[in-house]
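Everything on this sheet refers to the single structure shown next.
Read-outs throughout are calculated quantities, based only on the coordinates presented, and are distinct from any laboratory measurement. This one's a predicted model, so the numbers in the text were calculated from it and none came from an experiment. Here the Cβ is made from the backbone with ideal geometry for all residues, glycine too, and neighbour counts use every protein chain on show.
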Amino acid sequence: MGRLAIIAGGGELPHIGMSEALEAGEDPLFLGLKESDFTPRGKEDRTIPVHITQVGKILKTIQKEKVDRILMLGKVRKDLLFQGLKFDLKALAILAKTINRNDYPIFLAIADEFESMGVKVISQKIYLQSLLLPEGRYTPKKFDKSELKDIEFGMGYAEKMADLDIGQLVVVCDESIIAVEAVEGTDVTIKRGGEYTKKKGSAVVCKSAKSKQDERFDLPTIGVHTLEIMKASGCKTLCIREGETLVVNPKEVVDYATKNKLHFAVYGPSGVKGLNGSQKKIS
């Protein structure tokens with residue numbers, strides 16, 4: 001078996017993936033994207049800085065380091081495509097193969113390029129299993145009927161927006177879509193949703209993967225920061241989809257939500273019926 005490389009953007013996921021890969025006996029390498037907020041955090045000896053625009057150099061690095069598997073983790077701002085960056089010829093060739101500039105066609109074209117070299121892009125879940133939570137309600141207070149209606153309504157629309165490759169998150173109130181995530185990202189969408197919700201604390205934030213999510217790319221992710229933005233914006237309820245949404249530091253997320261009287265739930269096969277049973281616990 002060759003080496004695992006983590007193409008690393010910003011946030012916690014690359015570091016969690018690195019830790020779990022090391023524990024599994026891998027000899028992983030960071031390809032840290034300079035255009036993101038990635039920092040090595042003590043793994044400088046395992047880090048090679050790369051530019052997202054210089055795909056030719058990334059491919060040469062992969063060959064030189066005998067990489068046979070790629071894990072793509074972390075945040076990269078989509079608006080970089082519109083910032084006038086200078087892409088090398090290989091990057092331009094890959095972009096030319098895409099049917100549009102949405103996230104998934106770009107990810108797929110990049111993966112196809114790796115595969116043509118005999119390098120496999122692996123599922124993000126392989127080294128992030130600890131971040132996937134089963135369905136249920138994770139905070140003490142049960143949902144009332146109106147909240148359950150908004151959750152069911154919102155989760156359906158969040159999945160539809162994901163399927164259209166627009167975004168993964170919607171903000172809902174009274175079975176009406178208040179805000180839809182697009183290129184601006186999760187934080188701005190939540191803020192906008194809170195701003196336009198007349199009844200303070202009534203907004204429900206729903207985040208979903210696609211109905212047929214490719215596990216190699218862009219799994220929905222939430223963390224304490226998501227809840228901090230919700231609290232500041234007056235959004236009270238967060239619901240994500242079971243088995244498809246990564247929860248960074250799950251215990252911290254649940255503790256923060258409980259302390260700040262926010263609602264947090266994981267929507268599963270049982271739908272809203274699975275949300276008002278016994279409170280789920282995280283050890």
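The calculated 222 nm mean residue ellipticity attributable to helices in the chain amounts to -10000 deg cm²/dmol, summing -39500 (n - 2.57) over DSSP H runs of n ≥ 4 and dividing by all residues.
Distance between the C-alpha centres of the range 129-205 and the range 18-73: 33 Å, rounded to the whole angstrom.
The angle between the Cα long axis of helix 250-259 and the longest principal axis of the Cα atoms of the chain comes to about 30 degrees, rounded to the nearest 10.
Just the number, please: percent antiparallel of the DSSP beta bridges in the chain, rounded to the nearest 5.
Bridges in the chain are about 30 percent antiparallel.
Each Cα pair under 8 Å and six or more residues apart adds its separation to the average, and for the chain the resulting relative contact order is 17 percent.
Taking every C-alpha pair closer than 8 Å and separated by at least 6 residues, the mean separation divided by the residue count of the range 132-274 gives a relative contact order of 31 percent.
Once the Cα atoms are used to define both axes, helix 224-233 deviates from the longest principal axis of the chain by about 50 degrees.
Remark on the chain: Rg and Dmax equal 19.4, 58 Å (Cα only).
Loop-located chymotrypsin sites (Phe, Trp or Tyr not before Pro) in the range 1-102 (DSSP state other than H, G, I, E, B) with a sparse environment of at most 12 neighbouring Cβ atoms within 10 Å are absent.
Structure note, pairs Lys125/Lys281; Lys251/Lys273; Lys142/Lys259; Lys212/Lys281: Cα-Cα distances above 25 angstrom occur for Lys212/Lys281.
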